[in-house]
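First the structure, in the form of structure tokens, and then the observations on it.
The values are calculated or read from the model by the stated rules, or taken from the named source; none is laboratory data. All figures in this text were calculated on a predicted structure; none of them were measured in a lab. Please note: Cβ atoms are built from the backbone with ideal geometry, for glycine as well, and neighbour counts cover all protein chains shown. To get the accessible areas, we keep the full protein, side chains included, count just its heavy atoms, and leave off ligands, DNA and RNA. Shrake-Rupley method; radii C 1.70, N 1.55, O 1.52, S 1.80 Å.
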Amino acid sequence: YFQQAITQIQIERQYWDIRQPFSISGLNQEIVATAAVGAGIKSSLLNEARVEVDFRRGGERIVLSGSGHHSTVKKVMNEAFIPPWERGHIPIIYINDEVAAIVGLSTALPFQAKPQESGYLITCQPI
């Protein structure tokens, strides 16, 4: 059978003001940050931080909860059964040049809101 290849979204890492949706025109989606308690990225880290959106290019590393050690973004996507042709379409959130979250999959341990701590859930939704 023939499987149509999906081209990877080619954008440079872009600044994101999380108070506003971030539009991904090539995918007809937007990234949204929703206030939450005990989930998502700690809001206290976002006060003076540089938040950016990018897509997988290869070699990115993330610290996951439960393990405490670095894992590659590729491995996280493999373990989540994300097909290779879709991996380049999943946004990655960077805070001060560190991978803070893979949208829809996981938040890096140093950035996770603890129980009773305010945070932001990062999600993708159709435009």
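Couple of notes before you dig in:
- Among the residues of the range 48-80, the one identified as modelled with pLDDT of 90 or more, closer than 13 Å to LEU105 by Cα and among the small types (Gly, Ala, Ser) is ALA80.
- Any hit, the range 24-36, residues being acidic (Asp, Glu) and open to solvent by 50 Å² or more (accessible area, probe 1.4 Å): no
- Applying a threshold of 8 Å to beta carbon distances and a minimum spacing of six or more residues, or different chains, the list of pairs starting in the range 100-126 at a residue that is under 11 Å from LYS42 (Cβ atoms) and ending at one that is among the basic types (Lys, Arg) and in a strand (DSSP E or B) reads PHE111/LYS42; GLN112/LYS42; ALA113/LYS42; LYS114/LYS42; GLU117/LYS42; SER118/LYS42; GLY119/LYS42.
- Strands (runs of 3 or more DSSP E) completely within the range 34-127 that count 3 or more residues being more than 14 Å from the chain's Cα centre (by Cα): 118-126
- Enumeration of residues in the range 13-33 that are without any contact (Cβ under 8 Å) to a residue 24 or more places away in the chain and part of a loop (DSSP other than H, G, I, E, B): ARG19, GLN20, PRO21
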